[in-house]
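**Q** Sharing a structure below in structure tokens format, with a few things to ask.
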């Protein structure tokens, strides 16, 4: 079981964490909402709960709760630029279908 | 695939519900848009990687063009290319006529009756909005600004991948109600939801996170290309307050360039009568040398002369400093005035935030440091710091930071008041009061049976209405007839967070009500504000004398009025001929004296009249008591 970060994602996360001045790492998760089943969650993490799984990649702690992990296992988090828009993108092998916008997905 | 940003814990929005917000620095020369991405406020570039958008709008044959492309066309198509429109925002035709000669546009001088809120009044025809004739028809400054805002908003929406829920737009701290309202109108026209307008210095302080600190007093030194602004801010219990502002609307980095260009001309032996091309070349050269001297100690100057020859020289930083020192000294004088207005000393200033490209000049930093005895804050790009602060505030207002309670307060720059009898000003909201604010005061009627009251809202520091700036007039009608002084009229002044003034008058016994929202009358520049403040100090004694005189005159008039009414009612019954003649004579003397300019003699005449009238007043009192008691038993009065 693993979650990985691309080089670009890691360097941006490191920059954002440094700018924020605090935080244990990055929390990834899924929520059961959205237009097509599940929705991703991407937040700064201030604390790590006992049941969380923690992966470390490029020196960044990626924190995931156990329920989300089954949907995200094997995911690579990337940072990409599309036109003027730039941001994080989940490359999730578990996804069978997603809504047009990609903010929610089905497994 | 939508791209995601990292949110604060617990704040990640459901799909399609991201609360996207942006901060916009709508500048005179350049504008910027910024947003908070993954917790970091950054300015957003366009597709070509340019962050600054020149605030230039061109009405081209093929459509509206905004930014660098419009700026390039300014020379060939000046009439259809609008620059520096911020200077016209919220200004009336009256102001424009004074700026007129410097404006290259074809201005349509005619009254425009735009659909404003009912009750709004503007005086002097100043509500007429200037219109610029372009090939796309006549456009107002609000419409031109809306084009700039639209361009920035489109850029933000493309960068953030969604629609903006709202924006924060920055305005100079000295912007008056009309200028702020015009800015809001422009945003509405651009289809934007304005969370609020934010003062530029406050935004700069927010960008440095000064709002996260403990209490303290800070200064924001903003030296741009053509303007200088100084603001003193105080953080108190987590609340930002602008204590004072000052500056010079015609002083900036361009003046540094001009001083340097003149020095080069003198050194190169050039006369004053240069052709425009040479003039432009010289200015560009000076700008380049100035920028070089920010990083190196001396710079070489190579100049092609009009006669085809060349001139070569060099300048060191010390010489350059000598050229710009008098200009910097002017900014420091304004800083000292602002400190005095705020009632603080330079030592009390904790942080000095530098804003504007000209604060990159090392000598400026040195001198500012000397004055405030503190190392100026320069680590955020001075060209972007205002937009960044606005973005941080927009992010909070969009609800992306629930625990934050950032409430930014501002102050009004000039006192607001009402005209009272005798052309005197009753100050209701003193200057430098933090806004939003609501203040109420009671007024009454002056004459018996008065059923209407004219209210005149003025702005300024002087005691006489004629020396203040008129903002609005309205009337309260339908007051039930009562004796003078019996009506209770509550006048409330409300200034909202954006500095817009709402005045209402309520007659409390009857509930009749009237009000006005002050809408675009003509604008007010910071130099005018400064002049009005200076005048109020210079004329403090005159004002006091004038007030004393007017007060005595009003009092004399009130007494005359009341006495005449009384004499008409019962003068014949209660007075014998001799007494009546005595009173009439004293009354005549008072009326004559009241027209004089001596407040003491008016006072004496009034007192003399009151003395003569004493027996009469006593008799009237007894009569009215008798009348009131007639037909009643004594025990009815005992409880």
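Listed here are the residues, each with its yes/no results for (1) in contact (Cβ under 8 Å) with a residue 60 or more places away in the chain; (2) within 22 Å of residue B:464 (Cα to Cα); (3) surrounded by 14 or more Cβ atoms within 10 Å (Cβ to Cβ).
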| position | (1), (2), (3) |
| --- | --- |
| B:546 | yes, yes, yes |
| B:566 | no, no, yes |
| B:573 | no, no, no |
| B:581 | no, no, no |
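**Q** A follow-up question, please. Based on what the data block shows, is residue B:523 modelled with pLDDT under 80 and not assigned by TED's automatic domain parsing to the domain that holds residue B:562?
**A** Values: modelled with pLDDT under 80: yes; not assigned by TED's automatic domain parsing to the domain that holds residue B:562: yes.
Considered against the rule, which asks whether it is modelled with pLDDT under 80 and not assigned by TED's automatic domain parsing to the domain that holds residue B:562, residue B:523 comes out as yes.
**Q** Exactly one condition in (1) modelled with pLDDT under 85; (2) part of a helix (DSSP H, G or I) is false for residue B:557; which is it?
**A** (1)
**Q** Here is a check on your reading of the model: is residue B:254 exposed (fewer than 15 other Cβ atoms within 10 Å of the Cβ) and modelled with pLDDT under 90? Lay out the reasoning, then the answer.
**A** On the way: exposed (fewer than 15 other Cβ atoms within 10 Å of the Cβ): no; modelled with pLDDT under 90: yes.
No: the conditions fail for residue B:254.
Condition check ((1) at the interface with chain B (Cβ under 7 Å from one of its Cβ atoms); (2) at pLDDT 85 or above; (3) within 15 Å of residue B:5 (Cβ to Cβ); (4) surrounded by 15 or more Cβ atoms within 10 Å (Cβ to Cβ)) across all residues:
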position: A:4; (1), (2), (3), (4): no, yes, no, yes
position: A:15; (1), (2), (3), (4): no, yes, yes, no
position: A:18; (1), (2), (3), (4): no, yes, no, no
position: A:28; (1), (2), (3), (4): no, yes, yes, yes
position: A:32; (1), (2), (3), (4): no, no, no, no
position: A:40; (1), (2), (3), (4): yes, yes, yes, yes
position: A:44; (1), (2), (3), (4): yes, yes, yes, yes
position: A:51; (1), (2), (3), (4): no, yes, no, no
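**Q** Which members of region A:53-65 meet the condition of being surrounded by fewer than 14 Cβ atoms within 10 Å (Cβ to Cβ) and more than 14 Å from the chain's Cα centre (by Cα)?
**A** The one that is surrounded by fewer than 14 Cβ atoms within 10 Å (Cβ to Cβ) and more than 14 Å from the chain's Cα centre (by Cα): A:59.
**Q** Hey, can you tell me all the residues within region B:53-70 that are part of a strand (DSSP E or B) and either away from every other protein chain (no Cβ under 14 Å) or loosely packed, with under 15 Cβ neighbours inside 10 Å (or both)?
**A** Kept after step one, since they are part of a strand (DSSP E or B), are these residues of region B:53-70: B:53-54, B:56-60, B:63-66.
Selection gives B:54, B:56, B:57, B:58, B:59, B:60, B:63, B:64, B:65, B:66.
**Q** Further question on the same structure: Of the residues B:311, B:263, only one is surrounded by 12 or more Cβ atoms within 10 Å (Cβ to Cβ), part of a helix (DSSP H, G or I) and assigned by TED's automatic domain parsing to the domain that holds residue B:220; which? Lay out the reasoning, then the answer.
**A** Numbers: B:311 fails: part of a helix (DSSP H, G or I).
Being surrounded by 12 or more Cβ atoms within 10 Å (Cβ to Cβ), part of a helix (DSSP H, G or I) and assigned by TED's automatic domain parsing to the domain that holds residue B:220 holds for just one of B:311, B:263, which is B:263.
**Q** For the list (1) part of a strand (DSSP E or B); (2) touching a residue at least 40 places away in the same chain (Cβ under 8 Å); (3) over 16 Å from the mean Cα position of the chain (by Cα), I need the number of the one condition that residue B:458 fails.
**A** Evaluating residue B:458 over (1) part of a strand (DSSP E or B); (2) touching a residue at least 40 places away in the same chain (Cβ under 8 Å); (3) over 16 Å from the mean Cα position of the chain (by Cα) leaves (3) as the failure.
**Q** So, in region B:1-29, how many residues would count as being crowded, with 21+ Cβ neighbours inside 10 Å and within 20 Å of residue B:355 (Cβ to Cβ)?
**A** Adding up the residues that qualify gives 6.
**Q** OK, next. Inspect region B:286-304 for any residue being in the same structural domain as residue B:246 (by TED's automatic domain parsing), surrounded by fewer than 14 Cβ atoms within 10 Å (Cβ to Cβ) and touching a residue at least 24 places away in the same chain (Cβ under 8 Å) and give the result as yes or no.
**A** No, region B:286-304 has no match at all.
**Q** OK, next. Name the residues in region B:17-52 that are within 7 Å of chain A (Cβ to nearest Cβ), free of Cβ contacts under 8 Å to residues at least 12 places away in the same chain and part of a loop (DSSP other than H, G, I, E, B), would you?
**A** Hit for region B:17-52 is B:47, nothing else.
**Q** Scan region B:207-229 residue by residue and report those that are assigned to a loop (DSSP other than H, G, I, E, B) and closer than 19 Å to residue B:384 by Cα.
**A** Keep residues of region B:207-229 that are assigned to a loop (DSSP other than H, G, I, E, B), which gives B:208-209, B:213-215, B:224-227.
Scanning region B:207-229 gives B:208, B:209, B:224, B:225, B:226, B:227.
Here is a yes/no grid of residues against (1) modelled with pLDDT under 75; (2) assigned by TED's automatic domain parsing to the domain that holds residue B:549; (3) in a helix (DSSP H, G or I); (4) touching a helix residue (DSSP H, G or I) at 6+ places or on another chain (Cβ under 8 Å):
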residue: B:606; (1), (2), (3), (4): no, yes, yes, yes
residue: B:610; (1), (2), (3), (4): no, yes, yes, yes
residue: B:615; (1), (2), (3), (4): no, yes, yes, yes
residue: B:618; (1), (2), (3), (4): no, yes, yes, no
residue: B:621; (1), (2), (3), (4): no, yes, yes, no
residue: B:624; (1), (2), (3), (4): no, yes, yes, no
residue: B:639; (1), (2), (3), (4): yes, no, no, no
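**Q** Please find, among B:367, B:363, the residue that is modelled with pLDDT of 90 or more and farther than 25 Å from residue B:342 by Cβ. So that I can check it myself, show each step before the final result.
**A** Values: B:367 fails: farther than 25 Å from residue B:342 by Cβ.
Of the residues listed, the single one that is modelled with pLDDT of 90 or more and farther than 25 Å from residue B:342 by Cβ is B:363.
**Q** Does at least one position in region B:189-198 carry a residue that is in a helix (DSSP H, G or I), assigned by TED's automatic domain parsing to the domain that holds residue B:91, touching a helix residue (DSSP H, G or I) at 6+ places or on another chain (Cβ under 9 Å) and modelled with pLDDT of 90 or more? Explain how you work it out, then say what you get.
**A** Going residue by residue through region B:189-198, those that are in a helix (DSSP H, G or I) are B:189.
This time we only want the ones that are assigned by TED's automatic domain parsing to the domain that holds residue B:91, so: B:189.
Checking the rest, the ones that are also touching a helix residue (DSSP H, G or I) at 6+ places or on another chain (Cβ under 9 Å) come to B:189.
Remaining after also requiring modelled with pLDDT of 90 or more: B:189.
Yes, region B:189-198 contains a residue that is in a helix (DSSP H, G or I), assigned by TED's automatic domain parsing to the domain that holds residue B:91, touching a helix residue (DSSP H, G or I) at 6+ places or on another chain (Cβ under 9 Å) and modelled with pLDDT of 90 or more.
**Q** Just need a number here: residues in region B:583-616 that are touching a residue at least 40 places away in the same chain (Cβ under 8 Å) and surrounded by 15 or more Cβ atoms within 10 Å (Cβ to Cβ).
**A** 9
**Q** Let me ask another. Check B:173, B:178, B:186 and return the single one that is in a helix (DSSP H, G or I), touching a helix residue (DSSP H, G or I) at 6+ places or on another chain (Cβ under 6 Å), buried (at least 20 other Cβ atoms within 10 Å of the Cβ) and not assigned by TED's automatic domain parsing to the domain that holds residue B:359. Write out each step before concluding.
**A** Numbers: B:173 fails: in a helix (DSSP H, G or I); B:178 fails: touching a helix residue (DSSP H, G or I) at 6+ places or on another chain (Cβ under 6 Å).
Criteria check complete, one pass: B:186.
**Q** I've got another one for you. Outside any strand (DSSP E or B) and either farther than 22 Å from residue B:395 by Cα or assigned by TED's automatic domain parsing to the domain that holds residue B:86 (or both): does that describe residue B:154? Full working, then the answer.
**A** Numbers: outside any strand (DSSP E or B): yes; either farther than 22 Å from residue B:395 by Cα or assigned by TED's automatic domain parsing to the domain that holds residue B:86 (or both): yes.
For residue B:154, the condition - outside any strand (DSSP E or B) and either farther than 22 Å from residue B:395 by Cα or assigned by TED's automatic domain parsing to the domain that holds residue B:86 (or both) - is met.
**Q** Among the residues of region B:332-379, write down those that are touching a strand residue (DSSP E or B) at 6+ places or on another chain (Cβ under 6 Å) and part of a loop (DSSP other than H, G, I, E, B). Spell out the reasoning first.
**A** Taking region B:332-379 first, the residues touching a strand residue (DSSP E or B) at 6+ places or on another chain (Cβ under 6 Å) are B:334-335, B:337-338, B:341-342, B:344, B:348-356, B:358-359, B:368, B:372, B:374, B:376-378.
Passing the criteria: B:344, B:356, B:374, B:376, B:378.
The values are calculated or read from the model by the stated rules, or taken from the named source; none is laboratory data. Just so it is clear, the model here is predicted, and its values are computed rather than measured. FYI the Cβ positions are ideal-geometry reconstructions off the backbone, even for glycines, and counts take in every protein chain you see.
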